[in-house]
1. Output yes when any residue across the stretch 109-119 is part of a loop (DSSP other than H, G, I, E, B) and modelled with pLDDT under 90, and no when none is.
2. So, in the stretch 77-101, exactly how many residues are assigned to a strand (DSSP E or B), touching a residue at least 40 places away in the same chain (Cβ under 8 Å) and of a type in the set (Gly, Ala, Ser)?
3. Just give me the residues in the stretch 33-44 being of a type outside the set (Val, Ile, Thr) and modelled with pLDDT of 95 or more, in sequence order.
4. I'm told ALA159 meets every condition in (1) among the hydrophobic types (A, V, I, L, M, F, W, C); (2) at pLDDT 90 or above; (3) surrounded by fewer than 19 Cβ atoms within 10 Å (Cβ to Cβ) except one. Can you identify the failing condition by its number?
5. Mind checking which pairs have a first residue in the stretch 170-188 that is in a loop (DSSP other than H, G, I, E, B) and a second that is of a type outside the set (Val, Ile, Thr) and modelled with pLDDT of 85 or more, Cβ under 6 Å, 6 or more apart or different chains?
6. Does any residue of the stretch 63-76 turn out to be modelled with pLDDT of 90 or more, small (Gly, Ala, Ser), surrounded by fewer than 19 Cβ atoms within 10 Å (Cβ to Cβ) and in a loop (DSSP other than H, G, I, E, B)?
7. Answer yes or no: is there a residue in the stretch 3-24 that is among the charged types (D, E, K, R), at pLDDT below 90, touching an Asp or Glu at 6+ places or on another chain (Cβ under 8 Å) and under 15 Å from GLN135 (Cα atoms).
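The values are calculated or read from the model by the stated rules, or taken from the named source; none is laboratory data. Values in this document were obtained by computation on a predicted structure and should not be read as measured data. Here the Cβ positions follow ideal geometry from the backbone for every residue, glycine too, while neighbour counts run over all protein chains shown.
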Amino acid sequence: QSRATVSGGTNANFASKMALYVRPPGSPYFSQVISTNDTVRLGDEIQLRCDIEHGKGWQYSRIKDVTLQQNSGLNTGNSIVLVGHDGCRNPRMKAVCPWHPVQHSDRPLTSSFTWKVFGFQDNVRGNEEMVVTAQVLACVHPSDCSLDTSSCEGETPIARNRRHYNDMLANNETALCENDLTFKVKLQSDGSS
């Protein structure tokens, strides 16, 4: 089940598609959509991709605030931030998230983030349901959606060529959409490989 909320910008009702993808067997491309009831294997690569509809005034996009949470029935379980508010990958998750989110150079309204599927240590049996919560920022100006990855790695913060976030929303030049996407992780081999 996915939930989307939109805020900011004069074009706040922008149309977007956010989905999770895996590579079909033998393919180098992330082209198979993961549905709510689909199960992926521990260690598989998964890609979160967002496409913003062209022609609504938006020119660029950026994925940010990506959180992976274990869904334990009525209670929310463990959670971890994969991508922060600044759009940088969590440096502590580099082993499973080798790359920062990217904006596709040939399609600037498409952004993606790839990571390896993992499970939380306190649940090592059966299938684990996960919820990915992510935000996509739609921008009019390239500097508002750009990510300088050199500023993600260093100890010293580097000034970014990006205007203050509240100023961008007030000027109606950005909009934010948030989605929840659910999938299942197969944590243990059932011996029938």
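1. yes
2. 1
3. Of everything in the stretch 33-44, nothing turns out to be of a type outside the set (Val, Ile, Thr) and modelled with pLDDT of 95 or more.
4. For ALA159, the exception is condition (2).
5. Pairs found: LEU187/LEU42.
6. Looking through the stretch 63-76, none of the residues is modelled with pLDDT of 90 or more, small (Gly, Ala, Ser), surrounded by fewer than 19 Cβ atoms within 10 Å (Cβ to Cβ) and in a loop (DSSP other than H, G, I, E, B).
7. yes
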